[in-house]
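*Asks:* Below: one structure in structure tokens.
Where a number appears in this text, it was derived from the coordinates with a stated rule and is not lab data. From a predicted model like this one, the values you see are computed outputs, not experimental measurements. Heads up, the Cβs are rebuilt from the backbone with ideal geometry, glycines too, and the neighbour counts pull from every protein chain shown.
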């Protein structure tokens, strides 16, 4: 069973615009949510996280929103830059282990 | 702080051979995790250590897999009698063991079993 889902395999956004990546989850026991960015042949790089008791966390160009009633998480990147092109994974934590979505490939077009 | 390091970065082996991977966590991180990632999927949890104690193992970790963290610092992951289905990226992560406890990942070891 896929407890964390990223339903969009890919997303293409123009440079300077907003990128919105979405993630849905099913397990109410997740206590922490994270977004990672991954380039080819590298490990995931931590971007931003949010506790389950909050609904928004912001760090520079990155903002994560959590809607617990809908079991939905989103990452907003504003403004999008060419270096943001990568695969983005959302992850949810339960009992110290992370459960990852399948990833969304973000492409920023000049 | 040099980040999480893994060795080797790439390993090609023949089916039936044993392989061992090493992970060096961020210094003073007392938690260490192993994940496996296959093409088109997100990383999947395999096991984790709190210092030298292995506290949880996924059902993905068959009897052919063994992980150790003998002195609570570096860790090794061994796969015995490799199968083609073991081909994947093996990722190591560490965390400081605090409330927020963000996991930081290494670059991974890409295993190809021929």
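*Asks:* Among A:108, A:20, which comes first, second and so on when ranked by fewest other beta-carbon atoms within 10 Å?
*Replies:* Least to most surrounded, the residues fall as A:20, A:108.
*Asks:* Show log10 I(q)/I(0) for chain B at q = 0.14, 0.17, 0.20 Å⁻¹, two decimals, from a solvent-free Debye sum over equal Cα scatterers.
*Replies:* Taken in order of the listed q values, log10 I(q)/I(0) reads -0.51, -0.76, -1.05.
*Asks:* Considering chain B as a Gaussian network with a 10 Å cut-off on Cα pairs, which listed residue, B:86, B:24, B:63, attains the greatest mean-square fluctuation?
*Replies:* So, out of B:86, B:24, B:63, the one fluctuating most is B:63.
*Asks:* Work out the mean other chain Cβ neighbour count within 10 Å for the residues of B:32-45 and drop it here as an integer.
*Replies:* Mean partner-chain Cβ count within 10 Å for B:32-45: 4.
*Asks:* Let me ask something else about it. Taking springs between alpha-carbon atoms closer than 10 angstrom, which of A:12, A:74, A:85 fluctuates most in the Gaussian network model of chain A?
*Replies:* A:12
*Asks:* Can you tell me which of B:50, B:41, B:103 moves the most in a GNM of chain B? Springs connect C-alpha atoms under 10 Å apart.
*Replies:* Result for chain B, Cα springs under 10 Å: B:41 fluctuates most.
*Asks:* Further, regarding this structure: State, to one decimal in nm², a quarter of the convex hull surface area for the C-alpha atoms of the protein assembly as shown, i.e. the direction-averaged projected area. Numbers along the way, then the final one.
*Replies:* Numbers: hull surface 49.3 nm².
Approximately 12.3 nm², given one-decimal rounding.
*Asks:* Quick one: B:20, B:2, fewest Cβ neighbours within 10 Å first, how do they rank?
*Replies:* With the sparsest Cβ surroundings first, the list reads B:2, B:20.
*Asks:* Please compute the Cα-Cα pair-distance distribution of the stretch A:50-110 with 10 Å bins starting at 0, giving whole percents from short to long.
*Replies:* Pairs per bin, as whole percents: 19, 48, 29, 4, 0.
*Asks:* Bin width 5 Å, origin at 0, all Cα-Cα pairs of chain A: what percent of pairs per bin?
*Replies:* 2, 13, 25, 26, 19, 10, 4, 1, 0
*Asks:* With r defined as the distance between the Cβ atoms of residue A:78 and residue A:12 and R0 fixed at 22 Å, what FRET efficiency is calculated, to the nearest 0.05?
*Replies:* 0.85
*Asks:* Relative contact order of the stretch A:29-102, please, whole-number percent, based on alpha carbon pairs below 8 angstrom and at least 6 residues apart.
*Replies:* Working: 128 pairs, mean separation 24.0, N = 74.
Reported as a whole number, the value is 32 percent.
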